[in-house]
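Remarks on the structure that follows.
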Amino acid sequence: MKQQIQASVELATTWLFAEQKASGEFPSYASSLLEAPNWQPDSVNFVTALTSLALQGLDLPAAVAMQERAAQYLLGEREGAGLWRYWAKAAELHDYTPPDADDTACCSLAVGSSAGTANQRVLLANRDPQGRFYTWMLPRPEVRSLAYRWQLRSERSTSTRSRRVELWQNSEASPSDVDVTVNANVIRYLGPNLAPASAIEWVASVVEEGTEVEEDHWYRSRTSLYRSIAVSAREGIERFAGLRSLIISRLVDMAAADEFRSDLELADALRVLRLFDAARQDCANLAEMLLQRQLPEGCWERAV
């Protein structure tokens, strides 16, 4: 199977290399969650960041080149002290949402040291009374940080505030939104030395109590949460390392019941099992499923 996996990775890398835009952006598509898929081109920083992160560790020249181009693109999308929004600057909906913790964390991870550290203070200031990270970066009366207030000063303009009212009224977004996977991604970015214990404990408690679905407002996927937790566990978040057996058990059960909703969830699950050093056969079972689902051109089925 090792040779099959290597061939699969090389084929997928070749396909992705051809798809990446000259700007460094990876193309993305949007479709309704409630109706039959009707894919429309979109332009979001999030997809470029996560695609680049997925390439990390691949010892292939094309993979390295794609990461470098993606980093340069994302640096051009950066605002202020290293904040990012969901939609790219060229997208019609760019200003529909404020900068957010999730895109800021994921884009920072994708660009590496070029992101600087100024945004870490801003992220740490953007927390609720329980110490959890808010999703949206907004002016908040309780936040005393001058750096935070300065970086979010544009959110106080009349036109921007009107845009935010539109967002809160016409979507499921809320100014007080707190999401478990967003918190896990910010923890991953900040690392064991900076990530607050309160946020770490909350994420861990959600997994232990099995309330991931209720606390996941944007990803709608346990595997996305588990992926971030597993990476952080490898990088020194001991509380997350203690979730190893529980998460492995859940993923093995999901595989047995064929509960992965997409090829991406399957790939996430396989990565988590490997990060947690799960049983070789459990990893092999998921790898075989993923190999079988790869399309001839090298990609996998698109999914919401």
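Output the residue which, of all residues in region 83-94 that are free of Cβ contacts under 8 Å to residues at least 40 places away in the same chain and not in a helix (DSSP H, G or I), is farthest from Leu270 (Cα to Cα). Break it down into steps so the answer makes sense when it comes.
Residues of region 83-94 that are free of Cβ contacts under 8 Å to residues at least 40 places away in the same chain, as a first pass: 84, 89, 92-94.
Narrowing the set further to residues that are not in a helix (DSSP H, G or I) leaves 84, 89, 92-93.
Working: Trp84: 29, Lys89: 34, Glu92: 36, Leu93: 34 Å.
The qualifying residue farthest from Leu270 (Cα to Cα) is Glu92.
Which condition does Leu58 not pass, out of (1) more than 21 Å from Arg188 (Cα to Cα); (2) at pLDDT 95 or above, if it passes all the others?
It fails just one condition, (1).
Mind counting the residues in region 144-173 that are closer than 16 Å to Asn126 by Cβ and of a type in the set (A, V, I, L, M, F, W, C)? Don't jump to the end; show me each part of the working.
Step one: filter region 144-173 for residues closer than 16 Å to Asn126 by Cβ, giving 144-156, 164, 173.
With of a type in the set (A, V, I, L, M, F, W, C) added as a condition, the list becomes 146-147, 150, 152, 173.
Qualifying residue count, region 144-173: 5.
Look through Ser114, Ser159, Ser145 and report the one residue that is more than 25 Å from Val44 (Cα to Cα) and either of a type outside the set (S, T, N, Q) or free of Cβ contacts under 8 Å to residues at least 60 places away in the same chain (or both).
On the way: Ser114 fails: more than 25 Å from Val44 (Cα to Cα); Ser159 fails: more than 25 Å from Val44 (Cα to Cα).
It is Ser145.
Table: residues versus (1) touching a residue at least 40 places away in the same chain (Cβ under 8 Å); (2) part of a loop (DSSP other than H, G, I, E, B); (3) of a type in the set (A, V, I, L, M); (4) closer than 20 Å to Thr117 by Cα.
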site	(1), (2), (3), (4)
Ser154	no, no, no, no
Gln169	no, no, no, no
Ser174	no, yes, no, no
Asp177	yes, yes, no, no
Glu201	no, no, no, no
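Hey, can you tell me all the residues within region 151-204 that are polar (S, T, N, Q) and surrounded by 20 or more Cβ atoms within 10 Å (Cβ to Cβ)? Reasoning before the result, please.
First, the residues of region 151-204 that are polar (S, T, N, Q): 151, 154, 157-160, 162, 169-171, 174, 176, 181, 183, 185, 193, 198.
Hits for region 151-204 are Gln151, Thr181, Asn183, Asn185.
Would you point out the residue of region 14-41, among those that are of a type outside the set (A, V, I, L, M) and crowded, with 18+ Cβ neighbours inside 10 Å, that is nearest to Glu265 (Cα to Cα)?
Checked region 14-41; the qualifying residue nearest to Glu265 (Cα to Cα) is Ser28.
When both residues are 6+ apart or on different chains and their Cβ atoms are under 6 Å apart, which pairs have a first residue that lies in region 257-273 and is touching a residue at least 40 places away in the same chain (Cβ under 8 Å), and a second that is among the charged types (D, E, K, R) and surrounded by fewer than 19 Cβ atoms within 10 Å (Cβ to Cβ)?
If the second residue must be among the charged types (D, E, K, R) and surrounded by fewer than 19 Cβ atoms within 10 Å (Cβ to Cβ), the pairs left are Asp263/Arg293; Asp263/Glu301.
What is the residue count in region 274-299 for residues that are touching a residue at least 40 places away in the same chain (Cβ under 8 Å) and either surrounded by fewer than 16 Cβ atoms within 10 Å (Cβ to Cβ) or among the aromatic types (Phe, Trp, Tyr) (or both)?
Residues meeting the conditions: 6.
The values are calculated or read from the model by the stated rules, or taken from the named source; none is laboratory data. Source: prediction; values computed, not measured. Glycine gets a Cβ as well: all are built from the backbone with ideal geometry, and neighbour counts include every protein chain shown.
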